[in-house]
Amino acid sequence: MTKTRLEAFSDGVVAILITIMVLELKVPEGASWESLTPLLPVFLTYVLSFVFLGIYWNNHHHMLHAAERINGKVLLANLHLLFWLSLVPFATGWLGPNHEAPIPTAVYGGVLLMSAVAYTILKEVLVAAQGPQSRLATALGSDTKGRVSLLLYVVAIPLAFVKDWLADAVFVSVALIWLVPDPRIEAHYERRASGAAD
């Protein structure tokens, strides 16, 4: 089973999700700088969600690039990930104008948590499909960053009911952790390329 259609479908879904999110940005009523002020929380929430979707797209691309084969379990795990990512525009649209409310903040965190869980499942299923000695398994190694991210999301959700800005700070922290693409796969390929050149 080839991975081309899986990659193309996933890319298309992420592109549609970003388009849906940007359509939620409403044009301000006035023509002054002050008319933009009420839109600032909505815009910042959009930026954060855009960054998250970009991170998933980037790491998904790297992970599939290193995979040599896929199977039915990989297809299902990928659909599971896309399901949770498809809820990002909804959570973004709710949180933006209600950025100080605990429930929209917690729901946003819940969607991010479940997206991270789904990505972890996809990674494990992909590694299992390649085998424990595969280049993907070797490149990924231990997933400390992934486990830390899951833990931070679990902490952020109840924080939303204490201080919503603390939960928001955790969301931004996770984005910063992942902003630089996961270097393990690229580093693995660079080592392989330099080894082949020697």
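The values are calculated or read from the model by the stated rules, or taken from the named source; none is laboratory data. Every value quoted in this text rests on a predicted model; they were computed, and no experiment measured them. Note that we place each Cβ from the backbone using ideal geometry, even for glycine, and neighbour counts take in every protein chain shown. To get the accessible areas, we keep the full protein, side chains included, count just its heavy atoms, and leave off ligands, DNA and RNA. Shrake-Rupley method; radii C 1.70, N 1.55, O 1.52, S 1.80 Å.
Sequence gap of 8 or more, or different chains, plus Cα separation below 26 Å: how many lysine pairs satisfy both in the chain? Lysine pairs satisfying the spacing and distance rule in the chain number 7. Here, P(r) means the percent of Cα pairs in each 10 Å bin from 0 to the largest distance; for the stretch 67-170 it is 16, 37, 28, 16, 4.
Suppose the Debye formula is applied to equal point scatterers at every Cα of the chain; what is log10 I(q)/I(0) at q = 0.16 Å⁻¹? Per q value, in the given order, log10 I(q)/I(0) is -1.02. Considering only D164, D143, D11, the mean-square fluctuation computed in a Gaussian network model of the chain, springs between alpha carbons under 10 angstrom, is largest for D143.
Positive end of the dipole of the chain, charges at C-beta (+1 Lys, Arg; -1 Asp, Glu), about the Cα centre: which of A31, A156, F43 has its Cα farthest in that direction? Of the listed residues, the answer is A156. Taken about its Cα centre, the chain carries a charge dipole of roughly 680 debye when the Cβ of each Lys and Arg holds +1 and the Cβ of each Asp and Glu holds -1. Between F43 and S173, the FRET efficiency estimated from the beta carbon spacing at R0 = 25 angstrom works out to 0.80.
Specify whether the C-alpha gyration tensor of the stretch 19-83 places it in the rounded, prolate or oblate class, a ≥ b ≥ c being the square roots of the eigenvalues: rounded for a/c under 1.5, otherwise prolate if a/b is larger than b/c and oblate if not. Note, shape of the stretch 19-83 comes out prolate. Going by the alpha-carbon gyration tensor, a ≥ b ≥ c the square roots of its eigenvalues, is the stretch 82-126 rounded (a/c under 1.5) or, if a/c is not under 1.5, prolate (a/b greater than b/c) versus oblate? Cα axes put the stretch 82-126 in the prolate bin. For the stretch 1-56 versus the stretch 97-169, the inter-centroid distance based on Cα atoms is 19 Å. Taking Cα atoms, how many degrees apart are the long axis of helix 144-159 and the longest axis of the chain, rounded to 10 and kept between 0 and 90? It works out to around 20 degrees. Solvent-accessible area per residue in the stretch 1-159 equals 52 Å², computed with a 1.4 angstrom probe and all protein chains kept.
When the Gaussian network model of the chain links Cα atoms closer than 10 Å, the mean-square fluctuations of K26, K73, K145 top out at K26.
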